1. Can we say B:Val132 is within 12 Å of another protein chain (Cβ to nearest Cβ), more than 22 Å from B:Ala242 (Cα to Cα) and surrounded by fewer than 16 Cβ atoms within 10 Å (Cβ to Cβ)?
2. Check off (1) in contact with a helix residue (DSSP H, G or I) (Cβ under 8 Å, 6 or more places away or on another chain); (2) more than 14 Å from every other protein chain (Cβ to nearest Cβ) for B:Pro93 and give me the number that stays unchecked.
3. Between A:Ala98, A:Ala120, which is hydrophobic (A, V, I, L, M, F, W, C) and in contact with a Phe, Trp or Tyr (Cβ under 8 Å, 6 or more places away or on another chain)?
4. Tell me, which residue of segment A:239-251 that is without any contact (Cβ under 8 Å) to a residue 60 or more places away in the chain, assigned to a helix (DSSP H, G or I) and more than 9 Å from every other protein chain (Cβ to nearest Cβ) is nearest to A:His270 (Cα to Cα)?
5. From B:Val215, B:Val193, which residue is surrounded by fewer than 20 Cβ atoms within 10 Å (Cβ to Cβ) and under 21 Å from B:Leu44 (Cβ atoms)?
6. One residue is enough: does segment B:71-90 have a residue meeting the conditions of a type in the set (D, E, K, R) and either in contact with a strand residue (DSSP E or B) (Cβ under 6 Å, 6 or more places away or on another chain) or without any contact (Cβ under 8 Å) to a residue 60 or more places away in the chain (or both)?
7. I'd like to check something: does segment B:161-183 contain any residue that is within 14 Å of chain A (Cβ to nearest Cβ) and either in contact (Cβ under 8 Å) with a residue 12 or more places away in the chain or over 26 Å from B:Ile80 (Cα atoms) (or both)?
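The values are calculated or read from the model by the stated rules, or taken from the named source; none is laboratory data. Quick caveat, the model's predicted, so the values are computed rather than measured. In this analysis, Cβ positions are derived from the backbone assuming ideal geometry, glycine residues included, and neighbour counts consider all displayed protein chains.
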Amino acid sequence: MTKGIEKLALRQISRRAAILGLAGTAGVLSMPWIARAQAETIRIGFPTPLTGPFAAEANDQVRSAQLAVKLANDKGGIAGRKVELLVRDDKLNAGEAATRTLELIEKDKVHAVVGALSSAVQLAVNEVTRARNMLYISISQSDTINEIKDFSPYTFHEALNPTMTTAVVAKHTFKKGSKVVYLVADYAYGHEMLRGFKRAAKEIGAETVGEILHPFGAADYSTFIPTILSLKPDILCICNFGRDQANSIKQAVDFGVKDMMKIVVPVLLHNQRLAVDPEVFEGVVGGANYYWGLEATVPFAKAFNDAFRAMYKGAIPTDYGAYGYTGVASLLMAIEKVGGTEPQKVIAALETLKYDVAKGEQSYRKCDHQSVQSVLVLESKAKSAMKSDADLFKIIANEPASEGVLRSCSELGFKS
Amino acid sequence: MTVQLIAMQLFSGLALGAVLIMVALGLSIIFGMLGIVNFAHGALFMVGAYAGLYVAGLTGSFWWALVLAPVLIGLFGMLIERFLIRPLYGRSPDDPLLLTFGLGYVLVEAVRILFGTDGIPFSTPAALRGVVNLGIGFFPLYRLFVIGVVCTVLLLLWIGLEKTKFGLIVRAGSADPLIMRVLGVDISKLWLVVFGIGVGITALGGVLAAPMRNVSPEMGTLVLAEAFVVTVIGGMGSLAGAVVAGLIVGVAVSMTSLFAPEMATIVMFALMALILLVRPNGLYGRAAPGL
């Protein structure tokens, strides 16, 4: 009995302590100026799918973004302020991404958001940042985000978009009269890439002989291949991402597809190439925003690679990883230019910014805030042609930055 | 759409069915004999693939990986049974289910820490590369090999269960453990071995799948779903059911791929729902023990 009373008393005390503790925390929360008083750090929120099928690409994005932040802090910060990156796992889920972004804005009081990988998740983040007038640099491919219905004056699109990627890849792979079969992941990314390729094919005069949609994240592609073979195309264009890319190409190659047709992909992924043997990807052609081999010709690529190697024990940056760097770097350049994080001023600065941080000159188009930039076309090397483990691709073309491969402002619904 | 294409599609479906049987077999054995719903099945499949990768890396031979990895992971499975699952016998069937569910997460995270989150290449062994002309079209030699292995495993299992004294005891034990104990059979030893065999076969599935599906920490997630579909359609715990269900699902997926490819994954689940409506215990199922 006495034991029971003791327990009760203890519980009461602990409850009182808890309430006190809570009150204390609430006090700090309701007085944010206490936390913010010391030389306002510039906080950048970074939601990205650290877990799930795009984890490899997401982790590279984080590493590159952290490099951009480190370089800024090493030279004394931006406008005299330290920079901090707040990374959150969005689990490749739109709801999760929206929640994490909201937390970053409301609780962590970030000054800007950079990140999200996968078009649907990116659009969810865009919804949140748009509603709260929050700066957002998106770093994943999407056509929708350029269109007027999803436009936010606070959003800038650092990644390539499907229209420009496919236009350039098709230019270097499709020919007049080529017969093309598309194997397409059945979600926004696949659909947008397909639309882009077909638009380019029409202009070139290539013929679409088949479109096969496969479920997102499929493990087995063997049942799609007999149809592909029976259509006898010149080109098999595989529009999917992450592990789907490695799995589908590997299984197609097992069926001897490469002996009968050329495999073209919108984006040739560094990490997925590493996930299989060189023979599997050998000869596969695809686009890219960045490849470390650019360092032979582009001085800023060399500087970026060297800084990355120094920070990560000799590792090299990858395609999607580089978006983390260019996205954060362009944002910081604009903040530095205006000497603060006041959104309207940063927007004005971003709109006129010319930046070259890794891959040649880039600038954000005024109407849709799309980054106008070079597009690479890569071909996966044979094992015998590789000079090192990282020597994966041959650069077939480095198509210079041009608005010509983008949809026009009026096509997207903008008035100007 | 030619007859040839449809024939080829049918064959791809049966071949996929063989892969699905392989994927589901371990789950089916452990449920059928022990009544345990092993939610760590997908994770153990993945661990099997990594073990295969490791052994192949050490020995430089796929064949050693194919033999040793299932044995190693089977032994690991026996440890799981002895120290984690055995204390839960006689309690509600939810307990081992929750335990294995958590164990699955632990295994995936452990592999992420040890081997990283990126996928790792697993080459098709040189002797099994290339395609074979079946008369109706070309088919990868490796997939034909997988069909051969699955048939062999099924045959061995059948002989083991139906033609040996051990099999007789196992079947009796799963039918009435209490009577077996009264008769003086050490049932816990039996279950240890059966669990080990089930996990070993799961790991074998992982090694076989590795050259087709690439190796990554998440490779087991979809496998768990596939295995459940096959096991539930066949009837929980029925070996013959798993075989028939695997083939039916494979052909259903393949035919859907031909006519409505974007539905190729969902068709498995639709089929499962349909069959459960007509036969609540699956095709060959009896009412599940203890449920």
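1. So B:Val132 fits the description; yes.
2. Of the numbered conditions (1) in contact with a helix residue (DSSP H, G or I) (Cβ under 8 Å, 6 or more places away or on another chain); (2) more than 14 Å from every other protein chain (Cβ to nearest Cβ), the odd one out for B:Pro93 is (1).
3. Only one candidate qualifies: A:Ala120.
4. Filtering first and then ranking leaves A:Gln245.
5. Selected residue: B:Val193, the only one of B:Val215, B:Val193 that is surrounded by fewer than 20 Cβ atoms within 10 Å (Cβ to Cβ) and under 21 Å from B:Leu44 (Cβ atoms).
6. Within segment B:71-90 (the criterion being of a type in the set (D, E, K, R) and either in contact with a strand residue (DSSP E or B) (Cβ under 6 Å, 6 or more places away or on another chain) or without any contact (Cβ under 8 Å) to a residue 60 or more places away in the chain (or both)), the answer is no, since none of the residues qualifies.
7. no
Residue by residue, here is whether (1) surrounded by fewer than 23 Cβ atoms within 10 Å (Cβ to Cβ); (2) touching an Asp or Glu at 6+ places or on another chain (Cβ under 8 Å); (3) more than 19 Å from A:Gly286 (Cα to Cα) holds:
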{"position": "A:Phe151", "(1), (2), (3)": "yes, yes, yes"}
{"position": "A:Asn161", "(1), (2), (3)": "no, yes, no"}
{"position": "A:Ala185", "(1), (2), (3)": "no, yes, no"}
{"position": "A:Phe197", "(1), (2), (3)": "no, no, no"}
